[in-house]
Amino acid sequence: EAQVTQNPRYLITVTGKKLTVTCSQNMNHEYMSWYRQDPGLGLRQIYYSMNVEVTDKGDVPEGYKVSRKEKRNFPLILESPSPNQTSLYFCASTIVLGGNTGELFFGEGSRLTVL
Amino acid sequence: SQQGEEDPQALSIQEGENATMNCSYKTSINNLQWYRQNSGRGLVHLILIRSNEREKHSGRLRVTLDTSKKSSSLLITASRAADTASYFCATDGILNTGFQKLVFGTGTRLLVSP
């Protein structure tokens, strides 16, 4: 079954304690992206990756890091989480075909609370 | 930002009625997509319409695109309680953003009552 899997699904942590949210897809997609969703603000892109070792900033990258060492994995790293990073996070992936937009496949989300 | 803006923010209808949601955007686009999100869950792709298309159908969904007005509409016909969800439009820009930065609107919350 085609899937984008995120872990953990729920996490409560404290300010400054480093954490990683993992994302894995089994569809051999080149493109992967992280979004955060906040009430009234819709989904905002944090980082994206066009392929292995190719990453770039989205609209709200501050306080986040990513890596893309393997095609299937795209972890989101919060080196020193702060309360304003409390949010619902989504990972998504899609195939890249000649630069044309494909449908994004989303994970089920990771709800993060930073105290 | 060329973020899409959905209208209305919330819509409440009875089963069997049609639901229409609108999306406006600011700059030229390659494509526009519609997604659905059940409460707290991941988004699910519904339909993609390219900038050279004016209308597209998929089951009970009908999407229109008017590039001159920079707007799109999503029509759900004969709605069901199971259609209750939030609906988002997403656009990718030709100039400044491209496919890589698909930009989502803030969504329309649809409630379909039995």
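Each Lys and Arg Cβ is given +1 and each Asp and Glu Cβ -1; about its Cα centre, the protein assembly as shown then shows a dipole of about 300 debye.
At 25 °C and 0.890 mPa s, grab the translational diffusion coefficient of chain B from Stokes-Einstein with a Kirkwood Rh over Cα pairs, rounded to a whole number in µm² per second.
175
Computed from protein heavy atoms with a 1.4 Å probe, the total accessible area buried between A and B is close to 1900 Å².
For residue B:85, the shell of other residues with beta-carbons less than 15 Å away shows a net charge of +1, using +1 for Lys and Arg and -1 for Asp and Glu. Where is the GNM fluctuation largest for chain B (alpha-carbon springs, 10 angstrom cutoff): B:24, B:72, B:12? Evaluated over chain B, the most mobile residue of the options is B:12. Here the calculated FRET efficiency for residue B:9 and residue A:22, from their Cβ-Cβ distance with R0 = 25 Å, stands at 0.15, rounded to the nearest 0.05.
Return the FRET efficiency for the residue pair residue B:17, residue B:69: r is the Cβ-Cβ distance, R0 is 30 Å, and the value is rounded to the nearest 0.05.
That gives a FRET efficiency of 0.75.
Within the accessible area of region A:33-115, the carbon and sulfur atoms contribute 53%, probe 1.4 Å, all protein chains present. Accessible surface calculations at 1.4 Å, restricted to protein heavy atoms, place region A:1-107 at 48 Å² per residue.
In the elastic network of chain A, a GNM with C-alpha springs shorter than 10 Å, the most mobile of A:16, A:40, A:63 is A:40. Relative contact order for chain A: 36 percent, from Cα pairs under 8 Å spaced at least 6 residues apart, divided by residue count. With 19 Å as the limit, the listed pairs A:65/B:26; A:57/B:101; A:17/A:69; B:26/B:101; B:26/B:69 have A:65/B:26; A:17/A:69 beyond it between alpha carbons. With all pairs of different C-alpha atoms in the average, the Kirkwood value for the hydrodynamic radius of the protein assembly as shown is 18.0 Å. With K and R counted +1 and D and E -1, the other residues having a Cβ less than 9 Å from that of residue A:53 yield a net charge of +2. Summary of the geometry: region A:1-74 and region B:60-94, compared by the centres of their Cα atoms, lie 26 Å apart.
The values are calculated or read from the model by the stated rules, or taken from the named source; none is laboratory data. Source: prediction; values computed, not measured. Glycine also receives a Cβ, built like all others from the backbone with ideal geometry; neighbour counts cover every protein chain displayed. Areas reflect the complete protein model, heavy atoms only, side chains present, ligands, DNA and RNA absent. Shrake-Rupley method; radii C 1.70, N 1.55, O 1.52, S 1.80 Å.
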